[in-house]
Amino acid sequence: MDRFIATKKIGNVLIIEGEELQHVFAKRVKVGQELELFFEDNLYLCSLEKLTQKGAFCIVIKEIELTVPLPLITLYQCVPVELRTMDFIVEKVSEVGAYRLVPTLSKRSFQNITAMNKRMERWNRVALSAFKQCKRPKPLEIGYPTKLEELKADADLNLLLDSFGGEKSLKDLNLNGVKTVSLVVGPEGGFTRQESELLRKRGFIPIKLYPYILRSETAALLGVGLIMNLSTPP
Ligand code: SAM
């Protein structure tokens with residue numbers, strides 16, 4: 001079923017306007033067709049009642065109950081120096097099931113917080129688009145840029161993807177009953193020795209992905225995808 005983002009709710013009617021309305025036309029949605037509409041963090045099953053150049057007017061049939069798959073993975077992604085790689089990461093980790101992404105600053109990451117904040121709107125747009133495409137229950141949350149030295153191992157399971165020093169593999173971990181995971185992934189140039197040691201001391205378990213050294217974006221999407229798929233669905 002097609003999914004769109006509504007801009008307004010008046011009583012029992014959700015309205016799609018602006019750029020999103022062009023997607024409704026592009027998808028050739030017909031009056032009477034059922035749609036999923038996202039509005040203010042809720043998802044609704046609707047029926048298209050009226051379509052004009054000003055808006056798509058949809059009657060709410062019911063609110064859809066959202067079940068977010070566990071574990072909730074927060075990906076602390078050290079921001080690649082090639083900043084647009086983050087667009088790819090936002091899209092792909094949305095699809096494979098990360099819950100939250102926190103752009104993280106490390107010694108060898110992209111450093112300019114102002115440029116990152118400017119990019120935030122774009123990352124949220126990419127997350128919304130992935131949410132529509134892959135039918136996840138909520139868009140990927142994107143947190144504020146955070147320094148690596150501020151990270152705390154406060155999830156049920158705290159992992160550090162480390163291509164050199166990781167002794168454990170993801171399949172060595174017991175994911176039963178794990179509800180929250182923090183996953184730290186380095187930038188193109190990797191972590192410094194001090195960063196790797198700091199994270200380990202804080203309680204992050206170093207993990208190696210088999211068999212090769214991956215690009216940062218590949219490691220992020222494989223790491224999140226494997227954790228979700230090695231976890232037992234409810
Ligand atoms: N030469 C770099 C280094 O010193 O680690 C390689 C960095 S790799 C291109 C970028 C990041 O992806 C790493 O910091 C790590 O977080 C993750 N990564 C890549 N391949 C990995 C692997 N096989 N196992 C675990 N993490 C990996």
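The values are calculated or read from the model by the stated rules, or taken from the named source; none is laboratory data. Small disclaimer: the values here were computed from a predicted structure and weren't measured. Note that we place each Cβ from the backbone using ideal geometry, even for glycine, and neighbour counts take in every protein chain shown. The accessibility values were calculated without ligands, DNA or RNA, using every heavy atom of the protein model including side chains. Shrake-Rupley method; radii C 1.70, N 1.55, O 1.52, S 1.80 Å.
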Do any residues in segment 121-134 that are more than 19 Å from Leu83 (Cα to Cα) and of a type in the set (Phe, Trp, Tyr) have Cβ atoms under 9 Å from those of residues that are in a helix (DSSP H, G or I) and open to solvent by less than 30 Å² (accessible area, probe 1.4 Å), where the two are at least six apart or on different chains, and which pairs are they?
-> Phe131/Ser94
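Is there a residue in segment 147-156 that is more than 10 Å from the ligand (Cβ to nearest atom) and farther than 20 Å from Leu105 by Cα?
Yes; the residues of segment 147-156 include at least one that is more than 10 Å from the ligand (Cβ to nearest atom) and farther than 20 Å from Leu105 by Cα.
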Mind counting the residues in segment 98-120 that are out of contact with any Cys (no Cβ under 9 Å at 6 or more places or on another chain), touching a residue at least 40 places away in the same chain (Cβ under 8 Å) and open to solvent by less than 50 Å² (accessible area, probe 1.4 Å)?
-> 3
Residue check, Leu175 in contact with a strand residue (DSSP E or B) (Cβ under 6 Å, 6 or more places away or on another chain), more than 21 Å from Leu83 (Cβ to Cβ) and open to solvent by less than 60 Å² (accessible area, probe 1.4 Å) | no
May I ask you to verify whether Lys208 is among the basic types (Lys, Arg), surrounded by 15 or more Cβ atoms within 10 Å (Cβ to Cβ) and in contact with an Asp or Glu (Cβ under 9 Å, 6 or more places away or on another chain)?
-> yes
Under the condition of being part of a helix (DSSP H, G or I) and either touching a residue at least 12 places away in the same chain (Cβ under 8 Å) or polar (S, T, N, Q) (or both), which residue from segment 6-24 is most open to solvent (accessible area, probe 1.4 Å)?
-> Gln22
Condition test on Leu209, is it in contact with a strand residue (DSSP E or B) (Cβ under 7 Å, 6 or more places away or on another chain) and closer than 18 Å to Tyr99 by Cβ?
-> no
Can you confirm whether segment 137-152 contains a residue that is free of Cβ contacts under 8 Å to residues at least 60 places away in the same chain, surrounded by 20 or more Cβ atoms within 10 Å (Cβ to Cβ) and over 30 Å from Gln22 (Cα atoms)?
-> no
Determine, yes or no, whether Pro103 is under 21 Å from Glu65 (Cβ atoms) and in contact with a strand residue (DSSP E or B) (Cβ under 9 Å, 6 or more places away or on another chain).
-> no
Any chance you could count how many residues in segment 77-97 are among the charged types (D, E, K, R), assigned to a loop (DSSP other than H, G, I, E, B) and touching a residue at least 60 places away in the same chain (Cβ under 8 Å)?
-> 1
Hey, can you tell me all the residues within segment 182-233 that are without any contact (Cβ under 8 Å) to a residue 40 or more places away in the chain and either within 11 Å of the ligand (Cβ to nearest atom) or over 20 Å from Ala153 (Cα atoms) (or both)?
-> Arg193, Ser196, Pro211, Tyr212, Arg215, Thr218, Leu222, Asn229
Based on what the data block shows, is Lys50 on the phi < 0 side of the Ramachandran plot, among the charged types (D, E, K, R) and surrounded by 13 or more Cβ atoms within 10 Å (Cβ to Cβ)?
-> yes
